[in-house]
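So the structure is just underneath, and the comments pick up after that.
The values are calculated or read from the model by the stated rules, or taken from the named source; none is laboratory data. Worth saying up front: this structure is predicted, and the values here are computed from it rather than measured. A quick note on method: Cβ atoms are made from the backbone with ideal geometry, for glycine too, and the neighbour counts reach across all protein chains shown. The accessibility values were calculated without ligands, DNA or RNA, using every heavy atom of the protein model including side chains. Shrake-Rupley method; radii C 1.70, N 1.55, O 1.52, S 1.80 Å.
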Amino acid sequence: MNLSHDLSGDSTSELLFVNFNQDATSMAVGTRSGYRLFPLASLDKLEPCFEKDGGEMCIVERLFSSSLVAIVELSNPRKLRVCHFKKNSEICTYSYPDTILSVRLNRQRLVVVLRQNLYIHNIRDMKVMHTIRDTPSNPTGLCALSVDNDNGYIAYPGSSQNGEVQVFDGINLKAVASIMAHDSQLVALAFNPSGSKLATASVTGTVIRVFSIPQGDKLIEFRRGMKRVHISCLSFSTDDLYLVISSSTETVHVFKLVAPQEEKCGSHTHTRTHARTHTH
């Protein structure tokens, strides 16, 4: 998560970026003085497996548990550096026409998100395979990339006025679906581990929906609450049984992804969902 978007000129905040890798076995932290990588095999005590001093790191994305990291510095936000951190070497650099807002990785593709463009690279040689140009304005770099080896679906906002989602096949380089997920603008997107489901949330923060991919059919809908909040993160569990939502209320909701149970009562049909909440 690129926290530099929310600093609003606050130069006192040390933390600029924090994110898990694709299978949640590692955590990357970018600060105003460099970046650190933390293994998550044990949560009893977090100790970095790698530290790099120097530079204000606003994006640090690690490819699974490999030595490859993609980094962007706050002082040069249009430049992407791909590095081998164990060898302390730079593999390549790329410059873009606008600020890099987010970077997404899987074993086949690297996606760079600008305000109105997405660049899709082949991760083996870092060549640009395709560019999605003139997308609706995406000031936070909202984008999700499936991490499954069999597909490379990319989801990004299809409108700056409502909650339309565009789904693009990053392997075969073609559009596959357009989903009207919400009435309001999107604020969060997440694929499940297999890339067969996509969770979405809008700026209202009250309803989370899950759609089938690539069909785009709505599978299930969860109500987080009645009060408008900012959804900061959506995440599926690795076993695809749960969906976790964190928000500005400092509450974490855990929804169980059960198949909808329909019970007919007269002419009414009821869909059941299950949720637990945890408040810090």
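Here are some notes:
- If the condition is being over 17 Å from Phe191 (Cβ atoms) and either of a type outside the set (Gly, Ala, Ser) or in contact (Cβ under 8 Å) with a residue 60 or more places away in the chain (or both), then segment 240-257 contributes Thr249, Glu250, Thr251, Val252, His253, Val254, Lys256.
- Scanning segment 196-217 for residues that are farther than 22 Å from Ser246 by Cβ and not hydrophobic (A, V, I, L, M, F, W, C) yields a count of 6.
- Residue match in segment 61-83 (condition: more than 19 Å from Ser26 (Cβ to Cβ), among the charged types (D, E, K, R) and either open to solvent by less than 10 Å² (accessible area, probe 1.4 Å) or in contact with a Pro (Cβ under 9 Å, 6 or more places away or on another chain) (or both)): yes
- Any hit, segment 231-238, residues being within 22 Å of Leu257 (Cα to Cα) and free of Cβ contacts under 8 Å to residues at least 24 places away in the same chain: yes
- The residue that is modelled with the highest pLDDT, among those in segment 148-170 that are over 20 Å from Leu101 (Cβ atoms) and either buried (at least 18 other Cβ atoms within 10 Å of the Cβ) or among the acidic types (Asp, Glu) (or both), is Asp169.
- Residue that is hydroxyl-bearing (Ser, Thr, Tyr), more than 23 Å from Ser237 (Cα to Cα), surrounded by fewer than 20 Cβ atoms within 10 Å (Cβ to Cβ) and modelled with pLDDT of 95 or more, where the choices are Ser33, Ser13, Ser8: Ser33
- Of all residues in segment 109-124 being in contact with a strand residue (DSSP E or B) (Cβ under 9 Å, 6 or more places away or on another chain) and surrounded by fewer than 17 Cβ atoms within 10 Å (Cβ to Cβ), the one that is farthest from Arg62 (Cα to Cα): Gln116
- Just one of the listed residues (Arg133, Arg104) is out of contact with any Asp or Glu (no Cβ under 7 Å at 6 or more places or on another chain), basic (Lys, Arg) and within 25 Å of Pro193 (Cβ to Cβ), and it is Arg104.
- Flag: Ile120 does not match the condition of being under 22 Å from Phe64 (Cβ atoms), of a type in the set (Val, Ile, Thr) and assigned to a loop (DSSP other than H, G, I, E, B).
- Of all residues in segment 86-108, those satisfying the criterion of being open to solvent by less than 40 Å² (accessible area, probe 1.4 Å) and in contact (Cβ under 8 Å) with a residue 60 or more places away in the chain are Leu101, Ser102, Leu105, Asn106.
- Just one of the listed residues (Ile100, Ile71, Ile91) is of a type in the set (Val, Ile, Thr), assigned to a strand (DSSP E or B), under 27 Å from Asp148 (Cβ atoms) and within 17 Å of the chain's Cα centre (by Cα), namely Ile71.
- Contact annotation: residue pairs with Cβ atoms under 8 Å, 6 or more positions apart or on different chains, pairing a residue in segment 114-134 that is at positive phi with a partner that is open to solvent by 80 Å² or more (accessible area, probe 1.4 Å), are Met126/Ile91; Asp134/Gln116.
- Qualifying residues in segment 219-239 (those that are farther than 15 Å from Leu186 by Cβ and in a strand (DSSP E or B)) - the one most open to solvent (accessible area, probe 1.4 Å): Arg223
- Among the numbered conditions (1) crowded, with 16+ Cβ neighbours inside 10 Å; (2) aliphatic (A, V, I, L, M); (3) closer than 20 Å to Pro77 by Cα, the only one that Val128 does not meet is (1).
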